[in-house]
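Throughout, read-outs are computed from the coordinates displayed, never taken from laboratory work. Just so it is clear, the structure is predicted and the values come from calculations on it, not from any experiment. Positions of Cβ are generated from backbone atoms using ideal geometry, with glycine treated the same way; all protein chains shown enter the neighbour counts.
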Amino acid sequence: MILVRMPQRKKELTVPGPKRVMDILAAAGVRPTTVLVTQGTRLLTKDQRVEDGETVDIISVVSGG
Amino acid sequence: MKCKRCRKAAAAVDLPSHHSAFCPGCFFVFFRRQVEEGIRKFSLLEPHDRVLVCVSGGKDSLVLWDILMELGYETEGLYIDLGIDGYSDRSAEKVAAFAAARGKEPIVVDLRREGVPIPEAAKRSRKEECSVCGTVKRYFFNRVAASRGFTVVATGHNLDDESARLLGNVLHWHGDHLERQHPLLPGEGDGLVRKVKPLWRVSEMETAAYGFLKGIDYLTEECPMSEDATSLVYKEALSLLEEKMPGTRSRFYMGFLTKKGTFLNFLTSAGVDGAPLSPAEHSGKCAVCGAPTYAETCGFCRLKEKVGRGTVR
């Protein structure tokens, strides 16, 4: 399973791997243009494949006010 | 996916709106060029300017300060402590750490000391937090800049912010707001300092990617007061359009800037708002504090007066 962390929403979920980033975002219900997907110090593009057992973070880039 | 510029390294940032994807090194070049072009297009900054950069601890303002320093501008950061328990402390820490790492110390205005911490000021004046925050920030941006000899105030508003604001202004036909919506608001001799938005060409995602890849430790937490902000609804709507039709956001805002004159002439002739859309000119100085204002008393002093009279419900 891939561990998907969304720190701003204080939420985590797991999805079966391997999966492309865009499919992980769809599973998490997140619009691709509103987030960065990171793995440690790396930034992942939406077509990148994430392997089973790996962890990614979804960071929202939208600020309001 | 390979970088479309160097065609060697793996891409780290894909930008459908530009039909492109970049490795970190090439993305820095792309981002820097976008900001430089944004500054050049409307002559936002001159080499001799002393720039007051308004920083909140979030990605946009810290990236703005970082890139303006990199571009060689003389800058200082202004941090306004909004008086929001916890959140303001964490954002102040981010700003202080960012500045210290670059040999700087931010100028700090503490709204608790000024008698207008945002949560309490909003309750007492019975206004929305974001509206109160905007009034207070604009006041101190100008006051600090004018009193300390800065020639320009720079804020981190990006393409997403400006296009969302444009959508809101168009949906409600705010003719007067449309008139003043621009990356450059000229200053006037008697205490109104020029205001600029050098990040107007770059998206929120691009700014966040730049900050992340540059290792800028910004606050990812959202302001707790902005949860119900209408700007978020407009951003959500534009994100949907952007996803289906990449580049829409940019065409919307840049098209407005290009065709603004024609568009506003049309609104005026059509009588929208029922009043001519001549640019608002500030008539003089606030009777209470002496700040430049369009009315007899400036927005900040009117707010303070309401806060003083109000009670927390």
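Things to note:
- 5 angstrom amide H check on B:ALA11, placed H, neighbours 5+ away: B:LYS2, B:CYS3
- Degrees, to the nearest 10: B:299-309 long Cα axis against longest axis of chain B: 60
- The amide H of B:VAL108, built 1.01 Å from its N in the peptide plane, has B:TYR79 as neighbours under 5 Å, considering only residues 5 or more places off or on other chains.
- Taken residue by residue and averaged, Cβ atoms of other chains lying within 10 Å of the Cβ of A:33-43 number 5.
- Cα shape, the range A:2-60, gyration tensor, a/c 1.5 rule: rounded
- Amide proton proximity set for B:ARG50, modelled H, under 5 Å, gap of 5+: B:THR151, B:VAL152
- Cα-Cα over 21 Å, subset of B:LYS41/B:LYS197; B:LYS41/B:LYS285; A:LYS11/B:LYS137; B:LYS59/B:LYS244: B:LYS41/B:LYS285; A:LYS11/B:LYS137; B:LYS59/B:LYS244
- Shown here are the Rg and Dmax of the Cα trace of the protein assembly as shown, at 21.4, 67 Å.
- Cut-off 17 Å, label 7 Å out along Cα→Cβ of B:LYS123, residues of the range B:217-240 by amide N: B:224-226
- Shielding by partners, peptide B:103-113 (average Cβ within 10 angstrom, other chains): 0
- Look at the alpha carbon pairs under 8 Å that are at least 6 residues apart: their mean separation over the length of chain B gives a relative contact order of 20 percent.
- The alpha-carbon of B:LYS104 sits under 15 angstrom from the alpha-carbons of these aspartates and glutamates, leaving out residues fewer than 8 places away in its chain: B:ASP66, B:GLU70, B:GLU74, B:GLU76, B:GLU93.
- Convex hull volume per residue for the range B:141-197, taking Cα atoms only, in Å³: 78
- Shielding by other protein chains, A:54-62, mean Cβ within 10 Å: 4
- Stokes-Einstein diffusion coefficient of chain B, Kirkwood radius over Cα pairs, 10 °C, 1.306 mPa s, in µm²/s: 77
- Per-residue HN-Hα couplings for the range B:138-152 [Karplus 6.51, -1.76, 1.60; θ = phi - 60°; Hz; x = Gly/Pro]: 4, 4, 6, 3, 5, 5, 5, 4, 5, 6, 10, x, 7, 8, 7
- What the phi angles of the range A:10-19 give under the Karplus curve with 6.51, -1.76 and 1.60, with θ = phi - 60°, is a coupling list of 6, 9, 9, 8, 10, 10, x, x, x, 8 Hz, glycine and proline written as x.
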